[in-house]
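Any read-out appearing in this document is the output of simple, stated calculations on the displayed coordinates, not a laboratory observation. Remember, predicted model here, so these are calculated numbers, not experimental data. Virtual Cβ from ideal backbone geometry, glycine too; neighbours counted across all protein chains shown.
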Amino acid sequence: MICKYVGGREDLERLSISELLEECMTFSKFQGYPEPLDGSHKKLGFQSSLGKNRNGAVKKSAKNTARATW
Amino acid sequence: MLSPSGIASFYIDSPLKIPNLWKLSRRHFRVMLSDGRFVKLNKFVNRLSIRDLQFYCWKLKPLHVYFSVLNWLFPERVGKKYKARYCVPLNGEYVVDVDSYMMLFKHEHKLDPEWHVCQECLDISKRLTLQVCEVIENYYSKLAIVFSGRLGFHVHVLDFHYKDWTKYRQEKPIWCHQTARFKFTRLLQKQTFVFDKAHFIVSVDPMRIVTVPNTLNGKKG
């Protein structure tokens, strides 16, 4: 949800809760693409072979990519 | 919880609009990231403008964006409280956090399937906020109310001044702000129902940070 600026006391008196919730709801508008947060992608094995050679060592470029992302 | 891409698209798709009531360049900003880190934005840029804030929100994809209640001469130096006088506090607003659970009337929680929020709880918060505003208006006139993004409201008293409540002490500037806030909070506590121990302590604290209006509460979705 958005931390929405309402206004002064008069604005709050006039405010309808359902309208406020509609304005503040972001999930449907800004869902973006699905992106795992909890490392579930590792369990599914999507990154198991990413950037590795036959011996299983990680390439230098792949390390750099991993470090550059937050 | 919103996905990082959802947070990034929120900040890039809609321009961040913060009313001119707040002087952002004097504020100290912090963001909470999805991995639990608490990052100072002023370490990247000393004085943040609204464009800088939007850029860092897009880049870091924070769950929460906070700013200090005090204005600082050197916001980039703000850190520990015992060193805070070297950052030179100027003045700042007083903020009351109103949550519905402070005075919960008996009702059945009806979580809306679309919003996952009990509207009755929010309505209680609204009534409590109006009561607080009425009391505060006996002392100050410039109020700004912000929906917290969860189950309550923040009341910003913008014309609060510590000199209304205490004298200035050059060697202890933080103490002046704290004393003024303590006196005003104690006065409000007697007339309202919105202060428990935790709310009292944070309201008195001059180092407090609050959510920046019109930013995202990514935890709630």
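So which trypsin sites (Lys or Arg not before Pro) in region B:115-212 pass both tests, a DSSP loop state and at most 10 other Cβ atoms within 10 Å of the Cβ? Filter output for region B:115-212: B:LYS167. Counting other Cβ atoms within 10 Å of each Cβ, which trypsin sites (Lys or Arg not before Pro) in region B:1-33 have at most 13 and sit in a DSSP loop? For trypsin sites (Lys or Arg not before Pro) across region B:1-33 that sit outside H, G, I, E and B with at most 13 neighbouring Cβ atoms in 10 Å, the list reads B:LYS17, B:LYS23.
For B:SER14 and B:GLN170, FRET efficiency with R0 = 45 Å and r from the beta-carbon atoms, rounded to 0.05? Write out the running numbers ahead of the final one.
On the way: r = 44 Å, r/R0 = 0.99.
For B:GLN170 and B:SER14, the calculated efficiency is 0.50.
With pairing defined as another cysteine C-beta under 4.7 Å, the cysteines of chain B that fail it are B:CYS57, B:CYS87, B:CYS133, B:CYS176. Counting neighbouring Cβ atoms within 10 Å and putting the fewest first, the residues B:ILE18, B:ILE136, B:ILE174 line up as B:ILE18, B:ILE174, B:ILE136.
Quick one: which of A:LYS4/B:LYS80; B:LYS23/B:LYS163; B:LYS23/B:LYS61; B:LYS167/B:LYS190; B:LYS59/B:LYS83 span more than 26 angstrom between C-alpha atoms? The partial results should precede the final answer.
Values: A:LYS4/B:LYS80 29 Å; B:LYS23/B:LYS163 20 Å; B:LYS23/B:LYS61 23 Å; B:LYS167/B:LYS190 23 Å; B:LYS59/B:LYS83 30 Å.
Result: A:LYS4/B:LYS80; B:LYS59/B:LYS83 exceed 26 Å.
Exposure proxy shown here: for A:SER16, B:SER148, B:SER125, the number of other Cβ atoms within 10 Å sets the order, fewest to most, as A:SER16, B:SER148, B:SER125.
Note on B:SER141 and B:LYS59: the model spin-label points, each 7 Å out from Cα along the C-beta direction, lie 4.2 nm apart. Using the Cβ-Cβ distance between B:LEU73 and B:ASP205 with R0 set to 22 Å, the FRET efficiency from 1/(1 + (r/R0)^6) comes to roughly 0.65.
Calculate the tail of P(r) for region B:4-90: the fraction of all Cα-Cα distances greater than 23 Å, expressed in %. Don't skip to the answer; put the middle values down first.
Details: 830 of 3741 pairs.
More than 23 Å apart: 22 percent of the Cα pairs in region B:4-90.
A run of chain B free of exposed loop cleavage sites, with chymotrypsin sites (Phe, Trp or Tyr not before Pro) counted only in DSSP states other than H, G, I, E and B and at most 13 other beta carbons within 10 Å, reaches its longest extent at B:1-104.
Please give the FRET efficiency for B:LYS23 paired with B:GLU120, using the beta carbon to beta carbon distance and R0 = 41 Å, rounded to the nearest 0.05. Don't skip to the answer; put the middle values down first.
Details: r = 37 Å, r/R0 = 0.90.
E between B:LYS23 and B:GLU120, to the nearest 0.05, is 0.65.
Stretched out straight at 0.36 nm per residue, the stretch from B:LYS190 to B:PHE38 would grow longer than its current Cα-Cα span by 51.2 nm. This ranking places B:GLU76, A:GLU19 by how few other beta-carbon atoms lie within 10 Å of each, fewest first, which gives A:GLU19, B:GLU76.
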